[in-house]
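The values are calculated or read from the model by the stated rules, or taken from the named source; none is laboratory data. Model, not experiment: these values are computed from the prediction. Cβ atoms come from the backbone with ideal geometry, glycine included; neighbour counts cover every protein chain shown.
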Amino acid sequence: MSATNKFLKKIKEHKESAKKEKFNGFLAQYLQLIEKDTVAPVLAHKRLYDGIVNYGIKTLDESDDRCSKIFDGDPVKVYDYFASEFFGMERSLEKVMRFLDSAAMRGEESRQVLLLLGPVGAGKSALVEHIKRALENLEAIYVLEGCPIQEEPLHLIPRSLREQFEELYNVRIEGDLCPVCRHRLLNEYDGDYTSFPITQLSFSIRGRKGVGVVPPMDPNTQDTSLLIGSEDISKLDLYPEDDPRVLSLNGAFNVGNRGIVEFVEVFKNEIEFLHTMITATQEKSVPSPGKQAMIYFDGVILAHCNEAEWNKFKAEHTNEAILDRIVRVNVPYCLEYEQEVKIYEKLIRLSDYDYHIAPHTLEVAAMFAVLSRLKFSNKADPLTKMKIYNGEEIIEKGLIRKIDIKDLREEAEEEGMTGISTRFIMKAIDAALADSTKDMITPISIRDSLIKQVKEQITNPDDKKTYLQFLQKTLHEEYLSILEKEITKAFVTAYSEQAESLFNNYLDHAEAFVNNTKLKDKVTSEEMEPDEKFLQSIEEQIGIKGSAKTNFRADITSYMFSKLRRGELIDWRSYGPLKEAIENKLVASVRDISRIVTKSKSRDNKQQKKFSSMVQTLITNYGYNEDSAEEVIKFASNNLWRDS
Ligand SMILES: Nc1ncnc2c1ncn2[C@@H]1O[C@H](COP(=O)(O)OP(=O)(O)O)[C@@H](O)[C@H]1O
Ligand SMILES: [Mg+2]
């Protein structure tokens with residue numbers, strides 16, 4: 001079968017399945033579906049909440065590394081529906097979901113606007129878009145056929161019967177028929193609500209079905225018809241003025257009924273324009289464009305804006321009525337650089353990219369972004385704070401430095417609401433790529449590109465200075481240290497075996513030292529004293545000198561012993577300070593040869609061989625290609641191992 005025929009067949013199947021599934025009936029059949037639990041006539045918040053939760057929820061608890069380190073052991077709920085697209089914003093997502101959950105239970109939140117507040121590029125629009133898409137993935141809802149606001153069929157049931165209905169079905173009916181359906185009921189069906197046809201309808205963002213969007217309007221074009229529809233002038237001749245048939249109920253609150261109404265950059269609008277929003281929350285109804293009664297509205301109102309607009313809005317005390325109707329959720333920038341990297345990876349995947357990204361490129365960019373977003377602390381320098389926020393252990397003078405992430409957070413309220421945006425970084429990536437002759441980006445080229453962009457685009461002189469300092473000093477040094485370790489790993493054949501053997505030796509000797517015993521030589525079985533020189537050669541790598549060594553050795557021995565007793569495995573990476581010491585020792589052990597070998601001029605044959613094998617390891621094990629390996633090695637030899 002040709003591709004076209006195959007595809008036409010698919011189209012036919014698709015059309016048929018769409019037709020088959022659609023319900024067409026009347027109140028009697030609809031009631032049966034409700035009784036059998038085939039249909040749950042729920043309100044908008046609950047439908048949306050259930051729809052998202054159905055994808056699954058995980059609770060990150062203490063067993064999870066990110067939870068214990070980054071969320072300080074507080075359990076965090078992670079919603080599968082968001083997890084593959086949104087990174088490092090679990091806290092905000094949890095708040096959004098908490099809002100929907102309470103609103104689903106018809107609490108006060110069901111009469112509130114959810115406002116996402118955050119800096120540009122923090123993912124507010126993307127988040128709202130994703131939430132709207134959750135509606136599209138839901139099963140079709142049941143609606144009155146031909147209703148311009150796709151209303152709930154139970155609205156047909158007259159007030160006088162509702163109490164009995166609620167008792168029998170345990171479902172509460174909220175809201176009354178819209179003027180259009182009401183008119184049709186009286187005129188087309190003679191008031192017989194059991195013969196009003198009921199059908200199904202799927203949510204559609206592009207089709208404006210169950211999803212209404214209000215873009216920011218300039219004052220001159222602001223017109224409430226965008227929100228509540230209008231009277232169709234061409235029909236005014238045909239019908240009397242108060243006839244609902246003249247209504248065009250196509251405003252955002254009409255199309256968004258039973259789903260979502262989104263206010264994009266909400267506070268760019270004039271305040272008058274937002275009154276409908278208040279009415280919709282307070283009264284769960286919106287005005288009708290004509291002289292009709294108010295129209296019942298059931299929907300989730302999502303708004304977003306940035307901080308400047310919010311502050312301006314908040315300052316006006318005449319806006320209190322609206323403020324009272326708002327649940328605000330901050331959507332700050334991501335402050336974990338490893339999560340930030342995932343954002344870039346997502347955005348890069350979305351473009352048609354086919355270029356090489358050298359290891360640590362996105363990491364360096366993400367580190368810069370996070371550094372720019374952090375508030376200054378007296379407890380830790382910016383780089384340290386950045387690492388703590390990423391859940392890393394900070395080693396200082398041979399000890400894991402205890403800084404409570406919670407303290408840092410509390411000290412810096414509303415953090416992540418300023419700084420470099422995701423877009424700024426993406427633009428720098430594009431620029432670095434455009435400048436590259438080899439279709440690649442590297443930590444070196446991205447840093448250059450960021451420096452250029454900061455110089456050109458950051459206007460605030462203090463910010464500019466701080467950002468350049470991060471790029472030219474902090475991250476320059478940090479990257480060199482990452483690179484030196486990586487090149488060492490590529491240089492030392494069987495790196496982890498060597499590290500492991502240093503570790504085992506160290507433990508044996510330290511234990512003998514602590515217990516005041518002797519060791520047995522594995523080969524000759526001869527007894528020997530712990531090798532003080534060897535122990536010190538490791539310890540000095542992390543600045544342990546003099547009497548501190550005794551404590552360090554005792555700590556390590558008891559740490560490892562207690563781990564073993566709990567049945568846990570230990571290896572050279574088990575204890576942060578020792579891991580660092582071992583890495584530094586290995587780095588130091590090849591420093592001389594690194595310096596000589598990476599300089600192309602001075603290589604002899606043997607060194608050339610060693611060099612090629614190192615390059616090969618970088619390519620096969622660490623994700624470089626020929627060009628990027630060459631570039632970083634050149635960078636290392638110019639900056640790390642300058643002949644002194
Ligand atoms: N934490 C995040 N996780 C995933 N993607 C993100 C995150 N923050 C920003 N983005 C991405 O960055 C881009 C810009 O975000 P956008 O939603 O336009 O921001 P805003 O509306 O807040 O200005 C989007 O493509 C979005 O997917
Ligand atoms: Mg936006």
Looking at (1) at pLDDT 90 or above; (2) of a type in the set (F, W, Y); (3) surrounded by 15 or more Cβ atoms within 10 Å (Cβ to Cβ), can you tell me which one F491 breaks? (1)
Tell me yes or no: at least one residue of the range 524-542 is under 24 Å from I388 (Cα atoms), among the β-branched types (V, I, T) and in contact with a strand residue (DSSP E or B) (Cβ under 7 Å, 6 or more places away or on another chain). yes
Under 6 Å by Cβ, and 6 or more places apart or on different chains, what pairs join a residue from the range 105-122 that is outside any helix (DSSP H, G or I) with one that is within 12 Å of ligand 2 (Cβ to nearest atom) and of a type in the set (V, I, T)? L116/V331; G118/V331; G121/T422; A122/V331
Checking M528 against (1) farther than 20 Å from V587 by Cα; (2) touching a helix residue (DSSP H, G or I) at 6+ places or on another chain (Cβ under 6 Å), which test does it fail? (2)
Quick check on this structure: which one of P359, P332, P289 is assigned to a loop (DSSP other than H, G, I, E, B), of a type outside the set (V, I, T) and closer than 26 Å to M417 by Cα? P332
Restricting attention to the range 110-121, which residues are within 6 Å of ligand 1 (Cβ to nearest atom) and at pLDDT 95 or above? G118
Looking at the range 220-266, what helices (runs of 4 or more DSSP H) fall wholly within it and have at least 1 residues that are surrounded by 16 or more Cβ atoms within 10 Å (Cβ to Cβ) and among the polar types (S, T, N, Q)? 252-255
Of the residues in the range 86-109, those that are within 8 Å of ligand 1 (Cβ to nearest atom) and out of contact with any helix residue (DSSP H, G or I) (no Cβ under 6 Å at 6 or more places or on another chain) come to F86, M89
For the range 68-79, does any single residue satisfy the condition of being at pLDDT below 85 and out of contact with any helix residue (DSSP H, G or I) (no Cβ under 8 Å at 6 or more places or on another chain)? yes
Selection from the range 291-305 of residues more than 32 Å from the chain's Cα centre (by Cα) and either under 24 Å from I141 (Cα atoms) or in contact (Cβ under 8 Å) with a residue 60 or more places away in the chain (or both) yields Q292, A293, M294, I295, Y296
Residues that are under 23 Å from E540 (Cα atoms): find the helices (runs of 4 or more DSSP H) completely inside the range 552-644 holding 2 or more of those. 576-598
Within the range 307-343, how many residues are over 30 Å from I357 (Cβ atoms) and not aromatic (F, W, Y)? 22
Q164 - would you say it is more than 16 Å from ligand 1 (Cβ to nearest atom), at pLDDT 95 or above and part of a helix (DSSP H, G or I)? yes
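Here's the yes/no breakdown for (1) of a type outside the set (D, E, K, R); (2) in contact (Cβ under 8 Å) with a residue 24 or more places away in the chain; (3) under 27 Å from E136 (Cα atoms):
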position: D190; (1), (2), (3): no, no, no
position: S195; (1), (2), (3): yes, yes, no
position: E231; (1), (2), (3): no, yes, no
position: A280; (1), (2), (3): yes, yes, yes
Look at A554 and say whether it is within 24 Å of L502 (Cβ to Cβ) and small (G, A, S). yes
In the range 186-203, what count of residues is obtained for those that are assigned to a loop (DSSP other than H, G, I, E, B), under 47 Å from the mean Cα position of the chain (by Cα) and surrounded by fewer than 20 Cβ atoms within 10 Å (Cβ to Cβ)? 2
Looking for something surrounded by fewer than 17 Cβ atoms within 10 Å (Cβ to Cβ) and either touching a residue at least 60 places away in the same chain (Cβ under 8 Å) or within 12 Å of ligand 1 (Cβ to nearest atom) (or both) - is there at least one such residue anywhere in the range 314-323? no
Give S501, S496, S525, S547 a once-over and let me know the one that is within 23 Å of A358 (Cα to Cα) and exposed (fewer than 15 other Cβ atoms within 10 Å of the Cβ). S496
I need every pair where a residue in the range 78-98 that is closer than 17 Å to K132 by Cα has its Cβ under 8 Å from the Cβ of a residue that is within 16 Å of ligand 2 (Cβ to nearest atom) and among the aromatic types (F, W, Y), sequence separation at least 6 or different chains. L93/F86
Given the criteria part of a loop (DSSP other than H, G, I, E, B), within 16 Å of ligand 1 (Cβ to nearest atom) and not β-branched (V, I, T), does Y344 qualify? no
Find the residue count for the range 267-305, including only residues that are within 16 Å of ligand 2 (Cβ to nearest atom) and surrounded by fewer than 20 Cβ atoms within 10 Å (Cβ to Cβ). 1
Go through the range 406-421 and give me each residue that's on the phi < 0 side of the Ramachandran plot and not in a helix (DSSP H, G or I). A412, E413, E415, M417, T418, I420, S421
Verdict on S445 being among the small types (G, A, S), surrounded by fewer than 19 Cβ atoms within 10 Å (Cβ to Cβ) and modelled with pLDDT of 95 or more: no
Filter pass, E309 being over 28 Å from the mean Cα position of the chain (by Cα) and surrounded by fewer than 21 Cβ atoms within 10 Å (Cβ to Cβ): no
Members of the range 292-313 that are of a type in the set (D, E), within 30 Å of R258 (Cβ to Cβ) and within 16 Å of ligand 1 (Cβ to nearest atom): E309
Would you be able to tell me the number of residues in the range 106-120 that are more than 8 Å from ligand 2 (Cβ to nearest atom), surrounded by fewer than 23 Cβ atoms within 10 Å (Cβ to Cβ) and farther than 27 Å from V42 by Cβ? 1
Only one of F297, F273 that is aromatic (F, W, Y) and touching a strand residue (DSSP E or B) at 6+ places or on another chain (Cβ under 8 Å): F297
So if I check each of H183, H130, which one is in a helix (DSSP H, G or I), within 16 Å of ligand 1 (Cβ to nearest atom) and surrounded by fewer than 21 Cβ atoms within 10 Å (Cβ to Cβ)? H130
Of N254, N220, N269, which residue is of a type in the set (S, T, N, Q) and modelled with pLDDT of 90 or more? N254
